[in-house]
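A.B. asks: Mind having a look at this structure? Questions to follow.
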Amino acid sequence: MPHFIEPKRLLGAVLLGAVALAAQAQDKVLNLYSARHYQTDEALYHNFTKATGIKINRIDSDDAGILNRLKAEGASSPADVVLLVDAARLTWAEADGLFQPVKSATLQERIPAHLRGADSGSGTQWFGFSTRARIIVYNKVRVQPADVATYQQLADPKNKGKVCTRSGSHPYNLTLFGAMLAHLGPQATEAWLKGLVDNMARAPKGGDTDQIKAVAAGECQIALTNSYYLARMMRSTKADDAEAVARIGYVFPNQDSWGTHVNVAGGAVARHAKHRDEAVAFLEYLASDDAQRYFAEGNNEWPAVPTVKITNPALEAMGRFKVDTLPIAEAGRNQVQVQQMLDRVGFK
């Protein structure tokens, strides 16, 4: 005889199945706190959701805002993944216990060891997914490239009155200075920072793009900048940007010694992540070839994965260079000592 199900029982089974499917769908979600504000990253998130079915809920802020929010929320924080744009900030968050360790064969294999956070044995706290070089730009008419071939030469008396920078306490500078501390030691680093202050053409102000434009305009003759700011201007269709780029030269410092300092944008699984598996899957996705190319094509950053091929004309024009392989986490950890030095030498 055929087996009949009572209508009420059938309806109940359908409803239970629908609830289960809804619950499963709700589980496929990822709460992302991001300090990356680049329009091209939207494609990253879209492609991840398309490939995995995991919906991304995103909160955007700057690094400081994200770190303060995580601290205030504590164990009730909904954050699963945190994206920050500097090694010093990643190191601050790690020290404050805002991340949890991750063990991933994919991430260990693809992200070079010097671009990762600490590994306590239970896993790694954070991973760098893109890099930018801290380069020196100079006025081609007034400065010879041989006079700015190293970071150390920024403090040489022959460059007195020529240097402009953003704030010494900005994390981009703090991380570079932390690397210099690792290479030179405390005494020589503090003397170098004092020399930088003595050589300034003006008080520190503005961002990296402002420093490039100041060099082009003759307000100063030498400046530090992250490479992607210059690459952005090189790719710009604005006449003012093209004119500025034509007036300046740039060098990758310390090619005959330890190499040029590179910083990272990186990510981590939040300490109280409720969707840990989805969070790890997202970090692994950021290490994929496709995602790595988005960093290069969209924001003029070099991929952290060294085997990825890119077709960014500005980055290709800059050419290959020797990279400082000092663990970037060590440079980040030095930032407290560096800040004390900056205060002593009057580097605002």
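FYI, it's all coordinate maths here, none of it is from the lab. The shown structure was predicted, so the numbers you read here are calculated from the model rather than taken from an experiment. Reconstructed Cβ throughout: ideal geometry from the backbone, glycine too, with neighbour counts over all protein chains shown.
A.B. asks: Please list, in chain and number order, the residues 5+ apart from Ser130 or on another chain whose amide H is under 5 Å from its amide H, with Hs placed from the backbone.
C.D. replies: Here the answer is Ala265, Ala304, since their amide H atoms fall under 5 Å of that of Ser130.
A.B. asks: Sum up the charges of everything whose Cβ sits under 14 Å from the Cβ of Ser34, counting Lys and Arg as +1 and Asp and Glu as -1, but leave Ser34 out.
C.D. replies: -3
A.B. asks: What is the magnitude of the charge dipole of segment 141-241 about its Cα centre, with +1 placed on the Cβ of each Lys and Arg, -1 on the Cβ of each Asp and Glu, and no other charges, expressed in debye to the nearest 20?
C.D. replies: It comes to approximately 160 debye.
A.B. asks: Computed on alpha carbon atoms, what radius of gyration and Dmax characterise segment 243-308, expressed in Å?
C.D. replies: Computed over the Cα atoms of segment 243-308, radius of gyration and Dmax are 16.9, 52 Å.
A.B. asks: Under 19 Å from the Cα of Lys162, which aspartates and glutamates turn up, not counting those fewer than eight places away in the same chain?
C.D. replies: Here the aspartates and glutamates satisfying the reach criterion relative to Lys162 are Asp147, Asp198, Asp208, Asp210, Glu219.
A.B. asks: Next question. Order of Glu297, Glu278, Glu109, Glu42 from fewest to most other C-beta atoms within 10 Å?
C.D. replies: Ordered from fewest to most neighbouring Cβ atoms within 10 Å, Glu297, Glu278, Glu109, Glu42 come out as Glu109, Glu42, Glu297, Glu278.
A.B. asks: Taking a threshold of 28 Å on the Cα-Cα distance, which of the pairs Lys213/Lys348; Lys50/Lys309; Lys238/Lys348 fall above it?
C.D. replies: Lys238/Lys348
A.B. asks: Only helices at least 24 Å long along their axis, Cα-based, and averaging 0.5 or more on Kyte-Doolittle count here, so list those DSSP H runs from the chain.
C.D. replies: What comes out of the filter, once short or polar helices are dropped, is 7-27.
A.B. asks: Further question: In the chain, with Lys and Arg counted as +1 and Asp and Glu as -1 at Cβ, which of these residues, Gly267, Gln144, Leu67, has the Cα nearest the positive end of the dipole, that is, farthest along it?
C.D. replies: It is Gln144.
A.B. asks: When a footprinting reagent is the concern and you count Cβ atoms within 10 Å, what order do Trp302, Trp126, Trp92 take, fewest first?
C.D. replies: Lowest to highest Cβ neighbour count: Trp92, Trp302, Trp126.
A.B. asks: Report the one residue of Val102, Asn47, Thr237 whose Cα lies farthest in the direction of the positive end of the charge dipole of the chain (charges on C-beta: Lys and Arg +1, Asp and Glu -1; origin at the Cα centre).
C.D. replies: Value computed over the given set: Thr237.
A.B. asks: Whole number please: convex hull volume per residue, Cα atoms of segment 304-348, in Å³.
C.D. replies: 133 Å³
A.B. asks: If you average the C-alpha positions of segment 177-211 and of segment 45-84 separately, how far apart do those two centres end up, in angstrom?
C.D. replies: 33 Å
A.B. asks: With the contact rule set at Cα under 8 Å and sequence spacing of 6 or more, what percent relative contact order holds for segment 265-305?
C.D. replies: 25 percent
A.B. asks: Further, regarding this structure: Any chance you could check the Cα centroid distance between segment 269-311 and segment 314-343 for me, in angstrom?
C.D. replies: If we compute the Cα centre of each part, the gap is 20 Å.
A.B. asks: Roughly what would the spin-label model give for Thr52 and Ser76, points 7 Å off Cα along C-beta, in nm?
C.D. replies: A separation of 2.7 nm, rounded to one decimal place.
A.B. asks: For Ser120 paired with Arg320, estimate the spin-label separation in nm (one decimal), with each label point 7 Å from Cα along the Cα-to-Cβ line.
C.D. replies: Reported label-point gap for Ser120 and Arg320 is 3.9 nm.
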